[in-house]
Amino acid sequence: MSSHEISRRSMLRAAAVLGLSVPTLAACVTAGGNAGQQSQGGDKSSTNPFGVKADAPLEVVVFKGAYGDDYVIAAEAVYKKQFGGSVIDHKGIQKVGDTLRPRFVAGNPPDVVNNTGAGRLDIAALTQSQQLENLDKLLDSPSWDDPNVKVRDTLLPGVIEDGTYDGSFVRFNYAYTAWGLWYSKPLFEKNGWMWPQTWPEMLELCEDIKKTGVAPWTYQGKFPEYMTDPLLVMAVHGGGMDLLKAIDNLQPNAWRHESVKAAAEAIAELSGKGYLMPGSEALSHTEAQAAWCQGKAAIIPSGSWLEAEQKSVTPAGFDMVMGAVPSLSSSSKLKTNAIHAASSEAYLVPSQGKNVQGGLEFLRMLFSRNAMKDFAKAVGTLPSVKGATEGITMSPALSSVAEAVKKAGDDTINYRHRIWYPTLTKAVDDAVAELVTRRITPAEWVDRVQKAADDLAKDTSIKKYERK
Amino acid sequence: MSVLTRPVERAAAPAPPAPSQRRRLNRGYGFVIGALAPALVLHLIFIVSPYAQAFYLSLTDWNGVAGKANFVGFDNFARLAGDSLFLDAIKNNLLLLLLMPAATIGIGLFLATMIQRGGANGRSGVKGARFYEIVFFFPQMLSVAIVAVLWGFAYNPNNGLINGVLRAIGLDGLARSWLAEPGLALFAVMAVMIWSGVGFYMVLFSAAIDAIPKEIFEAALIDGSTGWTTFRRITLPLLRDNVQVAFVYLGMVALDAFALVQIMTVGPGGPDGSTEVMGLSLYRTAFEYGKFGYASAMGVALFFGTLVFALVALRGNKNRTELA
């Protein structure tokens, strides 16, 4: 390495130039401002409640993941017919955040965004920066299928709550996801195993499964949040919706509730009694789920996307179905069939878009029953409106999910803190990984999680939300 | 690079009459400036400007999507000092810095010496040196993402290559859940870094040894020097500059390590923060937590850490060259 002679003077000069240019250069990142142009509306009518201008172009950017974007393209064809002459600019992409972040900053976002997948935009941050249109007027508009029913009244429970940030409804979720424990129906029938309703029954079942040489459970150890889910569901079974609210609202000692600790003990017991497939703690979701599909383990926690995800590796006749997480005791405050369910596939209408009215109208159409039915048929997933699966043939997996959602009724569990506070989510999941591998005790787990929640509550740099 | 082949621009205004010597000087500067300007402009736009913006953003609470950012002074840096996960990350990066470059250079030197002078007579390389040279270089040709995925498979506790081999030779007791045990995970990642780096430095050192005049080695042999003494007294001192450069490069790799950790480890960054590195904290803070201001502060801290390391490493070099 040859040494360069840099004099003190030239060094200082360079530093001065750098210092002077910082404010000017920095303007590049955040110079967009929130002063986008107002989009121009046309005349309103009962079939055009937002007054979309017929020939206004519409830009739709959607995440193209497991569900594809064919259902969106189909809806765009209908929109084009409705508003003759309008040009639709459709983009099906991955990495929505990387692509659209600069456009939001510059005040030039598209009219409709499906913000899903890894590397998506932070919706809470968008809301705080007033980048998203409040969709209340969409909820109160007549639904596409029946003008006498408002859009609001066509939705499954929780969809509006899921999309509400700080009091305004900005995120309209298209799919409905339920979480539970998955097993192969024929495997259980062959062995005469019944799906357990309570945790003691689950432990008995595990003992029976173990005797056959199959590991009772496995889990996606590389991503411990999969195991957090049954833990939280069992906790809420015991503590009821009040506990859920206390946890979501970061109330002091919310995690010290006895049913939270009991749930942690139950999860630790699974591993303590050797019911978990050895090595699970290091497996990715692909590896754990493949082992489960190969019959090396009988039960795995996951959500309703599992069937689609496993399509290429599921053997014929495996017929996976979802069972509800059992309650810890018979004194559950919720129905024994209460499950964790929430909506996903977030649709947004940026408030600085050039055709906000068009964006709203497009979503009104996309959330119609026909479009939803096409979606359910094509991708085998529950959409977020009621009755969208009626009259279509469903796989055993999808019908087990639809049935579970129906059985749970209003007792669907949906924790908000995991959406609002990603730092707390990470702390909980890290601790769950330690709990399952028995490197910490259930009591230590409670202490750790409570401390993380307390630290978060004290942190003034993070915006707090309230669940009502 | 087409910019570099653009015709050299002359000074726009006709030069006023001046002493001929002065004009010649001016013309010389014009050429130098014309040649440097395109590269300098690109450097300013793509290197200096992002750095400057990051420095500014580290003093704000920018969330990544807002059109404006509020100035918060040094709050972000004050938070860094109390962020236990980030402190874990610093600790892990330092451990990588302490062990990984030394191990990579050590193995690289050993292999290079074997390839150049490892033969029985001490004058040539081991048999098949050429073959080993190519084989050991293979990992260098794989992208880091592929390396991470492949090693992820190898570390699989149930059907991975490593536990498979251990069990096949009857060492079942040594089979581990490599990436899921807090005490092992970082070393498992480090092993992959060393594996993928050794080939390149072996080739680098091998070429450097090749450049040492043969007479020196010949003289040592005649004097009855052993292989180890030759290495310690002749090869190593003459490779000092190469080793120094390798150390700087590897140090920067050790202070990064983001891609391997992100793809391979539990969590990622786990179990329980045991493989957390600064780059991963930064990425998560920006792209998952939406705190770009705070993430920029992490980036600035990492920048100064790397700068200090590079200065210290190069300063050592200068002193020793003076001694020599």
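Applying the Karplus relation 6.51 cos²θ - 1.76 cosθ + 1.60 with θ = phi - 60° to segment A:55-71 yields 3J(HN,Hα) values of 9, 6, x, 10, 10, 10, 10, 10, 6, 9, x, 4, 8, x, 10, 5, 5 Hz, where x marks Gly and Pro.
Each Lys and Arg Cβ is given +1 and each Asp and Glu Cβ -1; about its Cα centre, segment B:77-323 then shows a dipole of about 380 debye.
Each residue, A:Asp136 and B:Val32, gets one label point 7 Å from its Cα in the Cβ direction; the gap between the two is 6.7 nm. 3J(HN,Hα) along segment A:404-421, derived from phi through the Karplus expression 6.51 cos²θ - 1.76 cosθ + 1.60 where θ = phi - 60°, amounts to 4, 5, 5, 4, 5, x, 7, 7, 8, 9, 9, 8, 8, 4, 6, 8, 6, 10 Hz, with x in place of Gly and Pro. Residue order for A:Tyr275, B:Tyr201, fewest other beta carbons within 10 angstrom first, comes to A:Tyr275, B:Tyr201.
Take each residue in B:150-158, count the other chain C-beta atoms within 10 Å of its C-beta, and the mean is 3. Within segment A:306-326, find all residues whose amide N lies under 15 Å from a label point positioned 7 Å from the Cα of B:Asn159 along Cα-to-beta-carbon. Only A:312-315 pass the distance filter.
Once the Cα-Cα distance is subtracted from the 0.36 nm per residue extended length, the B:Ala102 to B:Met141 segment shows a gain of 11.8 nm. Annotation: aspartates and glutamates with alpha-carbon distance below 18 angstrom to A:Lys137 (same-chain offsets under eight excluded): A:Asp43, A:Asp111, A:Asp145, A:Asp146, A:Asp153, A:Glu161, A:Asp162, A:Asp166, A:Glu361. When shorter helices are ignored and each DSSP H run of at least 4 residues is given -39500 (n - 2.57), the per-residue value for chain B at 222 nm works out to -21500 deg cm²/dmol. Candidates A:Val313, B:Phe31, B:Phe131 compared by Cα position along the dipole of the protein assembly as shown: farthest toward the positive end lies B:Phe31, with charges placed on Cβ. Per-residue packing, averaged as other Cβ atoms within 10 Å, sorts the ranges A:86-98, A:343-355 into the order A:343-355, A:86-98, beginning with the highest. Beyond 32 Å, how much of the Cα-Cα pair distribution for segment B:77-323 remains, as a whole percent? Distances greater than 32 Å cover 33 percent of the Cα pairs. Legend: mean number of C-beta atoms from other chains within 10 angstrom of residue C-beta atoms, peptide B:55-65, equals 6.
Partner aspartates and glutamates whose Cα lies under 16 Å from the Cα of A:Lys296, excluding those fewer than 8 positions away in the same chain, are identified as A:Glu207, A:Asp208, A:Glu281, A:Glu287, A:Asp319.
Selection among A:Ile93, A:Pro278, A:Phe223 by position relative to the dipole of the protein assembly as shown gives A:Ile93 as farthest towards the positive end (Cβ unit charges, Cα centre). The ranking of B:Tyr29, A:Tyr71, B:Tyr294, B:Tyr155 from fewest to most other beta carbons within 10 Å of each one's beta carbon is B:Tyr29, A:Tyr71, B:Tyr155, B:Tyr294.
In summary, the aspartates and glutamates within cross-link reach of B:Lys91, defined as a Cα separation below 18 angstrom excluding same-chain residues under 8 places away, comprise B:Asp83, B:Glu181, B:Asp256, B:Asp272, B:Glu276. Take each residue in B:282-288, count the other chain C-beta atoms within 10 Å of its C-beta, and the mean is 3.
Ordering B:Ala52, A:Asn148, A:Ala453 by the projection of their Cα atoms onto the charge dipole of the protein assembly as shown, which places +1 on the Cβ of Lys and Arg and -1 on the Cβ of Asp and Glu, puts B:Ala52 at the extreme positive end. The charge dipole of chain A, taken about its Cα centre with unit charges on the Cβ atoms of Lys, Arg (+1), Asp and Glu (-1) only, comes to about 820 debye. Distance from the Cα centroid of segment A:300-328 to that of segment B:207-263 is 55 Å (rounded to whole angstrom). Backbone phi angles across segment A:205-217, fed through the Karplus curve with coefficients 6.51, -1.76 and 1.60 (θ = phi - 60°), yield HN-Hα couplings of 4, 4, 4, 4, 5, 4, 4, 7, x, 9, 6, x, 10 Hz in residue order; Gly and Pro are listed as x. Inter-part distance, segment A:218-278 to segment A:428-449, computed on C-alpha centroids, equals 10 Å. For each pair in A:Lys335/A:Lys468; A:Lys211/A:Lys373; A:Lys91/A:Lys386; A:Lys91/A:Lys311; A:Lys91/A:Lys377, compute the distance between the two Cα atoms and list the pairs where it is over 32 Å. Listed pairs above 32 Å: A:Lys211/A:Lys373. With the helix formula -39500 (n - 2.57) applied to DSSP H stretches of n ≥ 4, chain A reaches a computed 222 nm mean residue ellipticity of -13500 deg cm²/dmol.
Readers should treat all values here as calculations from the given coordinates under stated rules, not as data from a laboratory. Please read all numbers here as calculations on a predicted model, not as lab measurements. Heads up, the Cβs are rebuilt from the backbone with ideal geometry, glycines too, and the neighbour counts pull from every protein chain shown.
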